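A.B. asks: This is the structure I want to talk about, given as structure tokens.
We did not get these values from a lab; they are worked out from the coordinates using the rules stated. What you are looking at is a predicted structure, and each value in this text was computed from that prediction instead of being measured. Cβ sites come from the backbone with ideal geometry, for glycine too, and all protein chains shown count toward neighbours.
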Amino acid sequence: MVAGATLDVRKVKRAASEAAGVLRLLANEDRLAILCQLIQGEACVSELETLLEIKQPTLSQQLGVLRNDEIVATRREGKNIYYQIADRRVLALLQLMYELFCVNGRKAS
């Protein structure tokens, strides 16, 4: 940011509202686990259920929330529906969180 530059308060508030919405979505442990798995690539419900040990009804409910908010997209192949992260901003945020919390895995001092 340039020193002395003024911010458009309306734009800042819109951006803050959008960011808060994404953070609320990520605040659910099941949704966050699903998205962390999808960082590795697309997966179908049965794969996610096995990998994450989340029961199918809960998994489907959380995938529905993510789909409604356009965080994930789907692709059908036969009877399977594959999920992938659709929002590149969310993907970038998740990759950073993955690195900070999953790869390094220890609390910051």
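A.B. asks: Say each of Ser46 and Thr74 gets a label point 7 Å from the Cα, pointing the same way as Cα to Cβ; how far apart are those two points in nm?
C.D. replies: Rounded to a tenth, the inter-label distance reads 1.7 nm.
A.B. asks: Still on this structure, I have one more. Order these by the 10 Å Cβ neighbour count, fewest first: Val65, Val72, Val103.
C.D. replies: Starting with the residue having the fewest Cβ neighbours, the order is Val103, Val65, Val72.
A.B. asks: While we're looking at this one, here's another question. Starting from the amide H of Cys44, placed 1.01 Å from N in the peptide plane, find each other amide H under 5 Å away whose residue is 5 or more places distant or on another chain.
C.D. replies: Tyr83
A.B. asks: Let me ask something additional. Quick one: net charge around Ser60, please, counting Lys, Arg +1 and Asp, Glu -1 for every other residue with C-beta under 13 Å from its C-beta.
C.D. replies: Neighbour charge sum, excluding Ser60 itself: +1.
A.B. asks: So if each residue of separation counts as 0.36 nm, and I subtract the Cα-Cα distance between Leu93 and Leu32, what length gain in nm does that give? Don't skip to the end; give the middle numbers.
C.D. replies: Values: separation 61, 0.36 × 61 = 21.96 nm, distance 1.14 nm.
20.8 nm is the gain from fully extending Leu93 to Leu32.
A.B. asks: Using DSSP to call loops (not H, G, I, E or B), can you name the GluC sites (Glu not before Pro) in segment 1-70 whose Cβ has at most 10 other Cβ atoms within 10 angstrom?
C.D. replies: The qualifying sites are Glu53, Glu70.
A.B. asks: Just to be sure I understand: with springs between alpha-carbon atoms less than 10 Å apart, which residue in Gln37, Gln84, Gln56 has the highest mean-square fluctuation in the Gaussian network model of the chain?
C.D. replies: Gln56
A.B. asks: So what are the ³J(HN,Hα) numbers for segment 54-64, from phi and the Karplus equation (6.51, -1.76, 1.60; θ = phi - 60°), rounded to whole Hz, Gly and Pro as x?
C.D. replies: 10, 4, 3, x, 5, 4, 4, 4, 5, 5, x
A.B. asks: Report, in debye and to the nearest 20, how large the dipole of the chain comes out about its Cα centre when Lys and Arg carry +1 and Asp and Glu carry -1 on their Cβ. Please report the intermediate quantities before stating the final value.
C.D. replies: Working: 15 positive and 13 negative charges, 82 e Å.
Roughly 400 debye, rounded to the nearest 20.
A.B. asks: Sticking with this one: Over 19 Å apart: what share of the alpha carbon pairs of the chain falls there, rounded to a whole percent? Don't skip to the answer; put the middle values down first.
C.D. replies: On the way: 3026 of 5886 pairs.
Across the chain, Cα pairs with separations above 19 Å total 51 percent.
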